[in-house]
Amino acid sequence: VLGSSSTAITAGLGGIEGRALLGGDALEVAGPPSGPGIGRRRLRPGLALSVDRHVRLRVLPGPQADALPGAVERLLEGEWRVTDRCNRMGARLDGPELPALTPGFQTEGIPAGAIQVTPDGKPIILLADRQVTGGYPKPAVVATVDLPLAGQLRPGDSVAFELVTVDEALELLGRRESELAAGVYEAGEESDVAAVRDLIAALERSRIEELRLEGPSLTLRWRRRGE
């Protein structure tokens, strides 16, 4: 759809019938990207996201930080855990109850990473498939530099928050973008073994139990080792 390879489950678009993947689904792998050298571009080790079960997200004060006395402080001090109500739209957190505004709050736009508080006092981190407007208060917003980490949250993960200023958030984002730009290089044939090794290391860090890749010139089978 519109040149995208992703799936919008809420709209039923893309992927396999617009739904989530199921066991036994077969995925088609596209050919190398067009353009000189693009297919062999690599990212230097250490720059890829390290996804852990304990995540610290940096946040900025949100539009309603002052309207919810104590909400930001509780976010920073609380111990939070991602519930099973977690998808591309958002991640609901379980932890201390936060103050919530009474009904009648004015609807407004919602930025990526907004942390909204529903009437039950539970925060939700809004992500890529979030609604574009909403009427719940938002005491904090995840800094853009940490949105990729927020997008990798899984049920059961623990989350802590750290407050930063706008200037600090901009500096962190600029530094990250500069590191990524400087960390891309064109690999030679000898890097293929290292690429497979990196793939296996990523699988070991994931929750995937088994993976089978088959192609005209490559067959790869991987199964998680017993604990």
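A few remarks follow.
- Of the residues 10, 21, 50, the one whose Cα sits farthest towards the positive end of the charge dipole of the chain is 21 (charges of +1 on Lys and Arg Cβ, -1 on Asp and Glu Cβ, taken about the Cα centre).
- Here, segment 124-190 has an Rg and a Dmax of 16.0, 54 Å when only alpha carbons are counted.
- Relative counts (whole %) of C-alpha pair distances in the chain, using bins that are 10 Å wide: 7, 25, 31, 24, 11, 2, 0
- Only one residue of 89, 69, 99 has its Cα farthest out toward the positive end of the dipole of segment 56-107, where Lys and Arg carry +1 and Asp and Glu -1 on Cβ, and that residue is 89.
- Karplus-derived HN-Hα couplings along segment 8-15 (A = 6.51, B = -1.76, C = 1.60, θ = phi - 60°), whole Hz, x at Gly and Pro: 9, 5, 5, 9, x, 10, x, x
- Simple spin-label estimate for residue 84 and residue 20 in nanometres, 7 Å along Cα-Cβ: 1.0 nm
- The relative contact order of segment 92-160 comes to 33 percent, based on Cα pairs under 8 Å that sit 6 or more residues apart.
- Förster radius 45 Å - calculated FRET efficiency between residue 158 and residue 108 (Cβ-Cβ, nearest 0.05): 0.90
- Considering only the chain, percent of DSSP beta bridges that pair antiparallel, nearest 5: 80 percent
- Rough spin-label spacing in nm, given labels placed 7 Å along Cα→Cβ, for residue 176 and residue 10: 2.1 nm
- Here residue 219 sits with roughly 90 square angstrom of accessible surface, probe radius 1.4 Å.
- Ranking by accessible area, most exposed first, for 58, 81 with a 1.4 Å probe: 81, 58
- Top of 75, 163, 43 by mean-square fluctuation, Gaussian network on the chain, Cα under 10 Å: 43
- Each helix, a run of at least 4 DSSP H residues, gives -39500 (n - 2.57); summed and divided by the residues of the chain, these come to -5500 deg cm²/dmol at 222 nm.
- Pairwise label distance in nanometres, residue 66 with residue 50, each label 7 Å out on the Cα-Cβ vector: 4.0 nm
- This model, with +1 at the C-beta of Lys and Arg and -1 at the C-beta of Asp and Glu, gives the chain a dipole about its Cα centre of some 420 debye.
- Under the criterion of Cα pairs below 8 Å and six or more residues apart, the relative contact order for the chain equals 22 percent.
- For residue 223, neighbours were defined as the other residues whose beta-carbon sits under 10 Å from its Cβ, and their charges (Lys and Arg +1, Asp and Glu -1) total +2.
- Max mean-square fluctuation residue, GNM over the chain, Cα-Cα springs under 10 Å, options 101, 22, 13: 22
- Of the residues 48, 160, 140, the one that moves most in a GNM of the chain with alpha-carbon contacts below 10 Å is 48.
- Isotropic mean projected area of the C-alpha convex hull, segment 60-170 (nm²): 6.3 nm²
- When you restrict to C-alpha pairs under 8 Å that are six or more residues apart and normalise by the size of segment 25-150, the relative contact order lands at 28 percent.
- Counting only protein chain heavy atoms and rolling a 1.4 Å probe, the accessible areas of 146, 66 rank, largest first, as 66, 146.
- Positive contributions from Lys and Arg (+1) and negative ones from Asp and Glu (-1), summed over other residues with Cβ under 12 Å from the Cβ of residue 184, come out at +1.
- Residue order for 184, 145, 117, 1 - accessible surface, 1.4 angstrom probe, largest first: 1, 184, 145, 117
The values are calculated or read from the model by the stated rules, or taken from the named source; none is laboratory data. Remember, it's a predicted structure, so these values are computed and weren't measured experimentally. Because the Cβ atoms are built from the backbone with ideal geometry, glycine has one as well, and the counts that use them run over all protein chains shown. Surface accessibility is based on the protein's heavy atoms, side chains included, excluding ligands, DNA and RNA. Shrake-Rupley method; radii C 1.70, N 1.55, O 1.52, S 1.80 Å.
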